[in-house]
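S.K.: Below you will find the structure I want to go over with you.
Coordinate-derived values only; no laboratory data. Because the structure is a prediction, the values reported are computed rather than measured. Here the Cβ positions follow ideal geometry from the backbone for every residue, glycine too, while neighbour counts run over all protein chains shown.
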Amino acid sequence: MAEVQDTALGEIATLTWRGEVPQPDQIYRLVGVRWWGGGAYEYKRIQGADTQAPQLFRVEPGDLVINKIWARHGSIAIVDETLAGAHGSAEFPTFTLDTNRVDPRFVHWFSKSKLAWAQCEALSQGTSGKNRVKPERFLTIRIPLPSLEVQRKLTARFDSASAAVLARENQAAQVASEVEATLRAAFARIIADAPRVAMGEIAPLVRRPVVIDPDASYPELGVRSFGKGTFHKPALPGIEVGTKKLFTVGAGDLVFNIVFAWEGAVAVAADKDAGRVGSHRFLTCVPDPSRATSEFLRFWFLSEEGMLALGQASPGGAGRNRTLGIKALEAIKVPVPSLDAQLWFDSLQSKARAAKAAQAEATAHLDQLLPAMLNEVFG
C-alpha cells in the first residue's frame, strides 16, 4: 500500500462532548459499543427522570465512539445513521473526524483490526479504575493512513467482502431452516401412530465401571447443551480421581448429562468418543438394536415433546439444582416406529448434516477472507 502515513488518531480526530442536561419527560436512546469492532448499537431507552447522570452526550453519524472500560476489548465504533441523536454517558467519549483526511468508514474497518485492539490493550495496562482508557490516551493510537482515494477503494473492497459473507451466512441459515423443517415434518409422520415404550425397556442404562489405576490417565467426555454434541475434556490423572466413580462411554451410546439434560444436553457418542469416561453425572443408554437407534431417540429427546419430558424428569430449581433422575428417565415413554422407518429417518438426518457441513465449509472460507484482508492493510 503506497504512501501510507503512520498517523496518530489525535491528528485526525477531536474529542467532542455534546452535553445535555437530561429532561425528565424526554426519552433517551442510549448507545453501547460491542467488543472486537462489533459496532455501536442502541442498548436501551430511558426516561430522563430515570437517570442519575448529570449530563448525557449526544452522538452523531460519523462520530468515533469508544467504551472507556472495554476499549481494551476492541470496544470502538463509528456511529451510523440509525443512531443519529442518540446519547451516551461520560463512559462513552466521542470524537469527530477530519473528513478531509480520513473516511469514517476506513476507521470503521480499522476498529475491527487486531492492530487497533492491541494498541487499546497496551493503553489499558497498569491503569486504574477498571482499566479505563482516558480519551487523551486513546488519541495516541496510530493508524496506517493512505490517501483518501486509496482509503475509499479499500473500504469498498472491505464492504464488498462483508456483503458476500453476510449473503453466504443468510443462505446457510435458510438452508438450515429448510433442512430442520423437512426433518421435523418427516419425523412427525413416522411417529404419528407409533407405539410408546418406556426408555428402560427400549434403551436401558448401561454402566461400564472403570477400575482406577493411580498411574493411568482417563480422558473425559462432555456433552454440550442444546443438542450441540459431545466434546473432549483433558485427561484426568488416576491419582486425582479420588472417590469419584468413572464409567466408560461406548460408540453409539445415547449420553445424557443429568445436570443439564433439561436444556438438551443429550448426544450420541461417536467413534472418536469411544473409550472416554464420564462421571456418575453422565448416563449412557444403549438401545435394543432390533428395535431402536440412538440417533432416532436423540432426535426425539431434542424435540419439543422430548425436551418437555426431560424437564419433567428433572425436578428442582434452575441450573445445577435440576437433575435428571435415573428412574424418571427409565420411565419416559418414547415413540418407537418400525426399525426400517427409524433407519430411513437416520439416513435423512445424515444427509441433512452433510448439507449443513457443506454450507459451513463454504462460509468458513469467506469468514477467513475478511480478517486476512484487514491484516494485509492494517498489519
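S.K.: Please turn the phi angles of the stretch 239-256 into ³J(HN,Hα) values with the Karplus equation 6.51 cos²θ - 1.76 cosθ + 1.60 (θ = phi - 60°), one per residue in order, whole Hz, x for glycine and proline.
M.R.: Values per residue, Gly and Pro as x: 5, 9, 5, x, 8, 5, 8, 10, 9, 7, 9, x, 4, x, 4, 8, 10, 10 Hz.
S.K.: For the chain, modelled as a Gaussian network with Cα springs under 10 Å, which listed residue fluctuates most, 335, 289, 146?
M.R.: 289
S.K.: Something else about it: Show me, for the stretch 333-347, the HN-Hα J-couplings you get by feeding each phi into the Karplus relation (A = 6.51, B = -1.76, C = 1.60, θ = phi - 60°), rounded to Hz, glycine and proline as x.
M.R.: Running phi through 6.51 cos²θ - 1.76 cosθ + 1.60 with θ = phi - 60° gives 9, 10, x, 10, x, 4, 4, 4, 5, 5, 5, 4, 5, 4, 5 Hz.
S.K.: Continuing with this model, one more query. Once you list every other residue whose beta carbon is under 13 Å from the beta carbon of residue 43, what net charge do they have if Lys and Arg are +1 and Asp and Glu are -1?
M.R.: Counting the neighbours of residue 43, the net charge comes to +2.
S.K.: Quickly rank 239-250, 53-64, 220-231 as a protection proxy: mean count of other C-beta atoms within 10 Å, highest first.
M.R.: The most tightly packed comes first, giving 53-64, 220-231, 239-250.
S.K.: Sequence-distant or interchain residues sharing an amide H contact under 5 Å with residue 236, placed H: which?
M.R.: When sequence neighbours closer than 5 places are left aside, the close amide H contacts are 218, 220.
S.K.: If neighbour count is taken as other Cβ atoms inside 10 Å, put 70, 17 in order from fewest to most.
M.R.: Lowest count first: 17, 70.
S.K.: Give me 66, 326 sorted ascending by neighbouring Cβ count inside 10 Å, so fewest comes first.
M.R.: Fewest to most other Cβ atoms nearby, the residues stand as 326, 66.
S.K.: Running a GNM on the chain with Cα contacts under 10 Å, which residue among 346, 193, 273 ends up with the highest mean-square fluctuation?
M.R.: Fluctuation is largest for 193.
S.K.: Here are labelled values, [x] 27.8, 76; [y] 24.2, 90; [z] 20.7, 63, and one is the computed Rg and Dmax of the Cα atoms in Å for what I pasted. Which one?
M.R.: Identified label for the calculated read-out: [x].
S.K.: Relative contact order of the stretch 152-281, please, whole-number percent, based on alpha carbon pairs below 8 angstrom and at least 6 residues apart.
M.R.: 21 percent
S.K.: About the Cα centre, and with charges only on the beta carbon of Lys, Arg (+1) and Asp, Glu (-1), how big is the dipole of the chain? Nearest 20 debye, please.
M.R.: In total the dipole reaches around 760 debye.
S.K.: Let me ask you something else. Report relative contact order for the stretch 5-145 in percent, whole number only (criteria: Cα-Cα under 8 Å, sequence separation at least 6).
M.R.: 31 percent
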